[in-house]
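Student: I am attaching a structure below and will ask some questions about it afterwards.
Derivation of every value follows stated rules applied to the coordinates shown; laboratory data play no part. Just so we're clear, the structure is a prediction, and the values are computed from it rather than from any experiment. All Cβ positions, glycine included, derive from the backbone under ideal geometry; neighbour counts span all protein chains shown.
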Amino acid sequence: MRFVWRGHSCRRKSNVRSKAADRSVRATRFYLVIFQKRVPGLTELAVDRFLARARGVVKIKGSVNVLLTTSAEMKSLNRRFRGKDKPTDVLSFPAEAGAARKIAGEIAISAEIATRNARALGHTPAEEVKILVLHGLLHLHGYDHECDNGQMARREKQLRAKLRLPLGLIERTASAGTRPRPGRESGGHNAAITRP
């Protein structure tokens, strides 16, 4: 991993695992999901399955790690990597060029902002996390809605329909005009983060 996420994965119920089991997991899994903060109605299995499907439709090569965390942690990450001292709903961290074949990158999501936005927008927190995962995957794939003349928005809309998700992140930000989305703390959306 390119940066260290504090906290523990809730995926494993036991710390005792055989080396053969560890090799098997590494050989077949292309992602790691870390729950620092739970999202109502969202299970580990649901995130695993959605991430696998979404990676396939976005055509991401390499593994993707997802962190579901607190707004305080998102504020810290946003300050550290973007110089913005406020929490945000999603951050994407693309892998360095040499690592891109094995690791596509990492996505961090605020469970608290996702839950609040879902309630304000009339869908479930689980659906909101999936929308944010898809958005993050598109950034990892190289899209940047801040400078691509709508290319990412069009692709997100296509994939959202294919994955049966509600209104996409870019669409609802655009439909709100310059007003922030309900419950949004960041006051504006972010692009993928490139680190030195």
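Student: From the mean inverse distance of alpha carbon pairs (Kirkwood) and the Cα radius of gyration, derive Rg over Rh for the stretch 32-175.
Tutor: On the way: Rg = 14.1 Å, Rh = 15.2 Å.
Computed over Cα atoms, the ratio is 0.93.
Student: Sort 51-61, 135-145 for me by packing, meaning the mean count of neighbouring Cβ atoms within 10 Å per residue, highest on top.
Tutor: On the way: 51-61: 16.3, 135-145: 21.3.
Ranked by mean Cβ neighbours within 10 Å, highest first: 135-145, 51-61.
Student: Could you rank the peptides 108-114, 66-72, 156-162 by their average count of other C-beta atoms within 10 Å per residue, with the highest value first?
Tutor: For the peptides 108-114, 66-72, 156-162, the packing ranking is 108-114, 66-72, 156-162.
Student: Let me ask something else about it. So what are the ³J(HN,Hα) numbers for the stretch 42-47, from phi and the Karplus equation (6.51, -1.76, 1.60; θ = phi - 60°), rounded to whole Hz, Gly and Pro as x?
Tutor: Here the 3J(HN,Hα) series is 10, 9, 4, 4, 5, 5 Hz.
Student: Here is a further query. Which cross-chain or sequence-distant (5 or more) residues have an amide H under 5 Å from the amide H of VAL33, H modelled 1.01 Å from N in plane?
Tutor: The list, which skips near neighbours in sequence, is VAL66.
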